[in-house]
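Read through the structure below, which is laid out as structure tokens, and then see the notes.
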Amino acid sequence: MKILNTIKEARGYLNEIRSKGLSIGFVPTMGALHEGHLSLIREAKKENDFVVCSIFVNPVQFNNEADLKKYPREIESDIKKLKKEKCDLLFHPSAEEMYPEPDNTKFDFGDPDKVMEGKFRPGHFNGVAVVVKKLFEIIEPARAYFGLKDYQQLVIIHKLTKDYNLPVEIVPCPIIREENGLAMSSRNEFLSESEKKQASLIYLTLKRVKIQSGFATISELKESVFRQFKKSKTMKLEYFEIVDLYSLKPLRTWTESNNIIACIAVYIGKVRLIDNIILFS
Ligand code: PAF
């Protein structure tokens, strides 16, 4: 696996790959790779001639300095995992390389940026869009792979590519879960064994919501989810929303949309976890 740290080197190398007529699949990550990331690499390998992974802990998408500082960084074991998956190129730039000057770009994604993650992590998606647009312009992939766990991020990135006519196909990939249902996330590393066990409540709740959707009203379901998490001593529900799959508009009745997703954010101690389940599509 080739490892490159500068934009100039990556551009030069990938220009040659493209000039040979090879298609490039891209998996952008912030490292601390787990099975979820590796499933994206595998998907990219299936559909492209050449696979690039980036590892860059993007400072401008963190709205909390402490969160940025403690974000897991495990480059040596990440490299081993990528080699095992036969990833072709790792792009691993420094913060100075990506942001020689502060980037003040302001995107306007409209309503999808105003709910859920957008509401509780102001500026987060602007920072994601800044780095993803930069990365797309450096790598120029034919396809880019994103996990459905960060569903709102996927909607925003899809909108970014549409708004700026970026010639890249966004490929959503399924959520990969631990045996107990907990969605894989780099942040799971911060959970103790007992917290991991308790965190299974998140997916159990989402599955229950899916079974009950259509039978109970949206407000009844939301109330029951809030009640359930109130009982927990260790977990704190930040939001639970039932929204349109495409506009992310929160719904009050089932008849407002045919495509509906339930999204949740929960704190276990200081660790913030998100998950979702598609209810109708
Ligand atoms: O999902 C992530 O890991 C990050 O938000 C991304 C897309 C790599 C941008 O930094």
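The values are calculated or read from the model by the stated rules, or taken from the named source; none is laboratory data. The shown structure was predicted, so the numbers you read here are calculated from the model rather than taken from an experiment. Positions of Cβ are backbone-derived with ideal geometry, glycine not excepted, and every protein chain shown enters the neighbour counts. Heads up: the accessible areas ignore ligands, DNA and RNA and are worked out on the full protein's heavy atoms, side chains in. Shrake-Rupley method; radii C 1.70, N 1.55, O 1.52, S 1.80 Å.
Observations
- Checking each residue of segment 149-161 against the condition of being within 10 Å of the ligand (Cβ to nearest atom), of a type in the set (S, T, N, Q) and closer than 22 Å to residue 99 by Cβ gives at least one match.
- Residues that are touching a Cys at 6+ places or on another chain (Cβ under 6 Å) number at least 2 in the following helices (runs of 4 or more DSSP H) confined to segment 1-83: 35-47.
- Test result for residue 135, aliphatic (A, V, I, L, M), farther than 18 Å from residue 4 by Cβ, within 13 Å of the ligand (Cβ to nearest atom) and touching a strand residue (DSSP E or B) at 6+ places or on another chain (Cβ under 9 Å): no
- Qualifying residue in segment 22-36 (condition: open to solvent by 50 Å² or more (accessible area, probe 1.4 Å) and either away from the ligand (no atom under 16 Å from the Cβ) or aliphatic (A, V, I, L, M) (or both)): yes
- Meets criteria (surrounded by fewer than 21 Cβ atoms within 10 Å (Cβ to Cβ) and closer than 20 Å to residue 130 by Cβ) for residue 1: no
- Any hit, segment 170-189, residues being touching a Pro at 6+ places or on another chain (Cβ under 7 Å), of a type in the set (Gly, Ala, Ser) and within 16 Å of the ligand (Cβ to nearest atom): yes
- Hits in segment 54-63 - residues which are more than 10 Å from the ligand (Cβ to nearest atom) and surrounded by 19 or more Cβ atoms within 10 Å (Cβ to Cβ): none
Yes or no, residue by residue, for (1) more than 11 Å from the ligand (Cβ to nearest atom); (2) without any contact (Cβ under 8 Å) to a residue 60 or more places away in the chain:
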{"site": "93", "(1), (2)": "yes, no"}
{"site": "100", "(1), (2)": "yes, yes"}
{"site": "108", "(1), (2)": "yes, yes"}
{"site": "116", "(1), (2)": "yes, no"}
{"site": "122", "(1), (2)": "yes, yes"}
{"site": "130", "(1), (2)": "no, no"}
{"site": "143", "(1), (2)": "yes, no"}
{"site": "146", "(1), (2)": "no, no"}
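- Considering the conditions (1) touching a Ser or Thr at 6+ places or on another chain (Cβ under 6 Å); (2) open to solvent by 30 Å² or more (accessible area, probe 1.4 Å), residue 253 is excluded by exactly one of them, (1).
- Some residue of segment 96-108 being more than 20 Å from residue 239 (Cβ to Cβ), surrounded by 13 or more Cβ atoms within 10 Å (Cβ to Cβ), of a type in the set (Phe, Trp, Tyr) and at pLDDT 95 or above: yes
- Residue within segment 230-241 that is under 20 Å from the mean Cα position of the chain (by Cα), charged (D, E, K, R) and either open to solvent by 10 Å² or more (accessible area, probe 1.4 Å) or farther than 24 Å from residue 174 by Cβ (or both) present: yes
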